[in-house]
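Computed from the coordinates by the stated procedures, all read-outs in this text should not be read as laboratory data. Owing to the predicted nature of the structure, the values given are computational and were not obtained by experimental measurement. Cβ atoms come from the backbone with ideal geometry, glycine included; neighbour counts cover every protein chain shown.
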Amino acid sequence: MRPEPLLSALALIIGTACRLGFDERIPFDGAGAADRGAPGLLSAYLAAVNQPAPPSCPDVPVAQAERVLLVVSQQLDETTLVPGDFTVTDDRGVTTGPRCVTLAPAVETDEDNTIMLVGDFVPRPEVTIAAVTVVGPLRVKSGGSLTGARVDEVIGVAHSIRLVQAYATTAKDSEVGAPQGCPATTLEVVRATWSGDLRVTTPPADPLSAIVVRDAAGSSLPTLGVSFAEERDGDNILDICLATVDPPAMLEVAAQTYLAPNGLANPQTAIAIEL
């Protein structure tokens, strides 16, 4: 396909998503502040306030702490991940650092793109987090540096989760493969990263009707469902199983399909799929 028709088709998809009420804050290029060629931070989400530190941070000395989830555009080199890599700035201009950083719970070898910062970031209820900055020598597995990367819009704890990245790969060539819980007939996988950990609703939403994958022309592609293992493992990664190798262009998820850690259901959300 020549570039001009492809761009026109993609523009049509964007317009359709906005008219349907999908989250217009998400940039269509799926990269937020980061280009795929230059690693960066895609989102920051205040997932919990005044809660005990998670089991992955057993040495945190505060009984009650905040948790901020950062999504990175590429897989992290976890050997470079330390608390001193980050600063958290509140709306008063006060800067603090996390007491603990961890990749949990998204710790499978093909994930490693979400960081949990744990610390005392909100000393009073009226204080909000304004920005998160990488100040240390944090790197991604490809060797690129994240030093200087910054998020100036931190999603507050009163909000739910949304899509922040999606990419596609054939099941045959992917490190993901045909994920556990996907049918053996899966030909392609769309891996979706959310701003925060997701939980299934009660009763669970039907993914075949709640999740739509579209091609560049706006037509829906045959979806076999989502990976049961990824849907219920408590992290922010979701694999969508496709019965085609046709290139996908857009992922759409209906409102009230999943719950954030705070119990709020997701809004309608859509994002471009990287190939």
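Amide hydrogen proximity for residue 47: with H placed 1.01 Å from N in the peptide plane, the residues at 5 or more positions away or on another chain lying under 5 Å are 67, 68, 69.
About its Cα centre, segment 41-155 has a charge dipole of approximately 220 debye under the convention of +1 per Lys or Arg Cβ and -1 per Asp or Glu Cβ, with nothing else charged.
With the cut-off at 19 Å, report for segment 41-155 the share of all Cα pairs above it, as a whole percent. Working shown, then result.
Numbers: 2585 of 6555 pairs.
When every Cα pair of segment 41-155 is considered, 39 percent fall beyond 19 Å.
Along segment 49-58 the Karplus relation, 6.51 cos²θ - 1.76 cosθ + 1.60 evaluated at θ = phi - 60°, assigns HN-Hα couplings of 10, 6, 10, x, 5, x, x, 6, 10, x Hz to successive residues, with x for each Gly and Pro.
Working note: Karplus 6.51/-1.76/1.60 with θ = phi - 60° gives segment 117-134 the couplings 9, 10, x, 9, 8, 10, x, 9, x, 7, 8, 10, 8, 9, 7, 10, 10, 8 Hz, where Gly and Pro are set to x.
Distance from the alpha carbon centroid of segment 42-74 to that of segment 81-142 works out to 8 angstrom. Taking packing as the residue-averaged number of other Cβ atoms within 10 angstrom, the listed peptides 65-72, 145-152 run from highest to lowest as 65-72, 145-152.
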